[in-house]
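These notes are about the structure you will find just below.
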Amino acid sequence: MTYRSHADLGGQDVPAAIVQEPEGEYFHAPWEPRVMALVVAMGPTGMSNIDMNRSARETLPNYRDLSYYEIWLAALEKLASQSGVRGDAPPPPKRVLHADTVLAAIKKGSPTSRPASTLARFAAGNRVRTAAAQAEHHTRLPGYARGKVGVIDMVHGVHVFPDTNAHGLGESPQWLYTVRFDARELWGESARAPSSIVSVDAFEPYLEPA
């Protein structure tokens with residue numbers, strides 16, 4: 001079965017206008033911060049990692065019909081079922097997040113930087129081409145940027161590779177780059193803002209010399 005990300009919407013036309021929300025407006029209903037709290041609390045238990053969460057969210061068949069926190073909640077329920085947490089004998093949590101440590105845990109986050117074990121294949125200024133084939137798994141390479149030529153803008157060091165981490169196959173740390181694309185390279189002459197530059201953070205396995 002082909003892996004399909006319902007969250008890969010970049011460059012697609014949408015039926016209605018996109019309404020920008022006021023800066024700093026995080027929640028729209030009383031239940032939304034509760035969902036955020038549930039997701040934060042489940043993180044230390046070992047049920048999933050951030051890439052598993054993203055994969056669960058983007059493969060929800062009704063993704064485009066749900067609001068932001070509805071997506072979070074539906075994905076949490078999906079992961080809980082898959083991991084056995086919702087069963088009669090849930091596995092013991094690796095760690096429990098207590099109320100007095102929540103703020104510190106949120107501020108700390110989950111750093112993805114890892115030590116380098118190889119030299120970076122590319123440097124700023126190099127021309128590269130992204131992988132053209134559709135990935136058969138979770139990936140952070142947007143569909144609109146597949147098979148496109150861009151220029152390395154920045155080198156960000158080595159980070160956890162989402163493509164393997166999302167499926168429990170290990171962190172497999174990889175070099176991460178910011179790649180700069182011309183809008184016309186991504187969308188051709190139909191680009192709405194043809195003189196624009198689009199930057200994409202891309203892992204080394206996504207890239208080859210151009």
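The values are calculated or read from the model by the stated rules, or taken from the named source; none is laboratory data. The model shown is predicted, which means the values in this text are computed figures rather than measured ones. Note that each Cβ is placed from the backbone with ideal geometry, even for glycine, and that neighbours are counted across all protein chains shown. We work out accessible area using only protein heavy atoms, side chains counted, and drop any ligands, DNA or RNA first. Shrake-Rupley method; radii C 1.70, N 1.55, O 1.52, S 1.80 Å.
Summary value for the chain: 19 percent relative contact order, contacts being C-alpha pairs under 8 angstrom separated by 6+ residues. Using a probe of 1.4 Å on the protein chains alone, the accessible area found for Lys148 is around 50 Å². Run through segment 1-104 and list the GluC sites (Glu not before Pro) located in a DSSP loop whose Cβ has at most 10 other Cβ atoms within 10 Å. Of the GluC sites (Glu not before Pro), the ones in loops of segment 1-104 whose Cβ has at most 10 other Cβ atoms within 10 Å are Glu23, Glu25.
When only the Cβ of Lys, Arg, Asp and Glu is charged (+1, +1, -1, -1), the dipole of segment 108-173 relative to its Cα centre reaches about 200 debye. Can you work out the FRET efficiency for the pair Ala89 and Ser190, with r the C-beta to C-beta distance and R0 = 41 Å, to the nearest 0.05? Step by step, r from the Cβ atoms, then E = 0.15.
The Gln82 and Ala132 beta-carbon pair, evaluated with R₀ = 35 Å, returns a calculated FRET efficiency of approximately 0.70. Taking every protein chain into account, the accessible area of segment 32-108 amounts to 64 square angstrom per residue (probe 1.4 Å).
Taking every protein chain into account, the 1.4 Å probe leaves Thr59 with about 40 Å² of accessible area, to the nearest ten. Only Cα pairs under 8 Å and 6+ residues apart enter the sum, and on that basis the relative contact order of segment 113-209 stands at 29 percent.
Taking a ≥ b ≥ c as the square roots of the eigenvalues of the alpha carbon gyration tensor, segment 113-209 is oblate, as a/c is not under 1.5 and a/b does not beat b/c. Each Lys and Arg adds +1 at its Cβ and each Asp and Glu adds -1 at its Cβ; summed about the Cα centre, segment 32-108 shows a dipole of about 260 debye. What is segment 1-108 by shape, rounded, prolate or oblate, if you read a ≥ b ≥ c off the alpha carbon gyration tensor as root eigenvalues and call it rounded for a/c under 1.5, prolate for a/b larger than b/c, and oblate otherwise? Oblate. For segment 32-108, averaging the sequence separation of C-alpha pairs within contact (under 8 Å, six or more residues apart) and dividing by the residue count gives a relative contact order of 40 percent. Put a dot 7 Å past the Cα of Ala29, heading toward its Cβ, do the same for Leu9, and the two dots end up 1.7 nm apart.
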